[in-house]
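Since every read-out is calculated from the coordinates, none of them should be taken as a lab result. From a predicted model like this one, the values you see are computed outputs, not experimental measurements. Here the Cβ positions follow ideal geometry from the backbone for every residue, glycine too, while neighbour counts run over all protein chains shown.
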Amino acid sequence: MGETIQLTAADGHTFDVYKAMPSGTPKGAILVIQEIFGVNSHMKEVADSYAAEGYAVMAPALFDRAEKNFDVGYTPDDIARGRDTRAAVAWDDSVKDMQATFDALKPYGKIGSVGYCYGGSCCWLVATRIGVAASSCYYGGQIAMFKDEKPQNPVMMHFGEKDHGIPMADVETIRKAHPEAQVFVYPAGHGFNCDHRGDYNADCAAEARARTLAFFAEHVG
C-alpha cells in the first residue's frame with residue numbers, strides 16, 4: 001500500500017519516510033513513530049493499517065541520522081543494536097525529523113501521532129514540542145524523564161503492567177504529573193501491540209487500538 005519518500009529537516013538532514021495513503025480522500029493524517037527496530041515490516045504494517053482506516057500516514061526513519069536503512073528484527077542481538085542506535089540519535093534531532101514529517105502531512109487535514117516503544121516517547125515529544133490534534137503513546141520508556149514538559153494537545157498513553165523496562169512507579173509518576181492525560185495499563189508486557197514479538201497480546205492490542213481509533217476519530221477526523 002505504501003511507498004518510501006524523502007523529506008528534509010530544518011537542519012538540512014534528508015531522511016526516508018514510509019508513506020501510506022487511503023483509497024479515498026483522507027479524513028486526516030497520522031504520524032506513525034517507530035520502535036528501536038527501525039521502520040521495519042511491522043511498522044509499515046502499522047502505517048498501512050491506519051491508512052486503511054482512512055488516514056494519510058507517514059512513518060519517518062528517525063534512525064537515518066545514525067544508520068541509513070536501519071531495519072532489524074527482535075532477537076537479543078537486534079534489540080542490542082536498536083538500543084545502541086537509539087542512543088546515537090539525539091532527541092532534539094528526532095524532533096526535527098518529526099516536525100518535517102508533520103509539515104508534510106498538513107495538506108491532509110488535522111494530524112494525530114502514534115508511537116511505540118522509543119516512538120512512544122517520541123510521540124510525547126510531538127505533543128509537547130510540536131503540537132498536533134491528538135497523541136497516542138504506547139509504552140514510552142522515557143516519558144517519565146520528560147514529564148515536566150507540557151503537552152499542547154490531548155494525550156493518551158498505553159502501558160503493560162508486566163513491562164520489565166517501565167516500572168509501574170514511572171507510570172504513577174506520569175499520572176500525577178499529567179492528570180489530564182488518559183493513561184491505560186494492560187495485563188501485558190512491553191511491545192504488546194507487535195504481533196512479531198513474543199510479548200504480543202492480541203486482546204490488549206485490540207483494546208488499545210480501539211481506544212486510539214476512537215481518540216483519533218474524536219480529535220483528528
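General observations
- Geometric extent, Cα atoms of segment 66-109 - Rg, Dmax (angstrom): 13.7, 40
- Sorted peptide list for 116-128, 38-50, criterion being average Cβ within 10 angstrom, highest first: 116-128, 38-50
- Max-minus-min Cα coordinates of segment 124-170 on each principal axis give 30, 17, 11 Å, with the largest extent listed first.
- Simple label model, 7 Å out from Cα along Cβ direction - residue 41 to residue 91, nm: 3.4 nm
- C-alpha center-to-center spacing [segment 185-212, segment 7-21] in angstrom: 29 Å
- Across the chain: Cys residues that no other cysteine approaches within a C-beta distance under 4.7 Å: 117, 122, 194, 204
- Straight-line cross-link partners of residue 150 among the aspartates and glutamates, defined as a Cα under 13 Å from its Cα and at least 8 positions apart when in the same chain: 180.
- Overall form of segment 117-218 per C-alpha gyration tensor (a/c, 1.5; a/b vs b/c): oblate
- Distance between the 7 Å Cα→Cβ label points at residue 184 and residue 1: 2.0 nm.
- Extension gain, residue 8 to residue 200: 0.36 nm times the residue separation minus the Cα-Cα distance gives 65.7 nm.
- Put a plus charge on the Cβ of each Lys and Arg, a minus charge on the Cβ of each Asp and Glu, and nothing anywhere else: the dipole of segment 2-219 about its Cα centre is then about 480 debye.
- Of all complete DSSP H helices in the chain, those with a Cα span along the helix axis of 18 Å or greater and a mean Kyte-Doolittle hydropathy of -1.0 or more are 91-105, 202-219.
- Calculation over all alpha carbon pairs of segment 25-121 in 5 angstrom steps from 0 returns a P(r) of 3, 14, 25, 24, 17, 10, 5, 2, 0 percent.
- Candidate cross-link partners of residue 27 among the lysines, defined by an alpha-carbon separation under 21 Å and a same-chain spacing of 8 or more, comprise 19, 44, 106, 110.
- Ignoring aspartates and glutamates fewer than eight residues from residue 68 along the same chain, the ones with Cα atoms less than 18 angstrom from its Cα are 3, 11, 16, 35, 78, 84, 93, 97.
- Here segment 2-219 has an Rg and Dmax of 15.7, 44 Å, counting Cα atoms alone.
- Here's the picture: charge each Lys and Arg Cβ at +1 and each Asp and Glu Cβ at -1 in the chain, and of 188, 98, 216 the one pushed furthest to the positive end of that dipole is 216.
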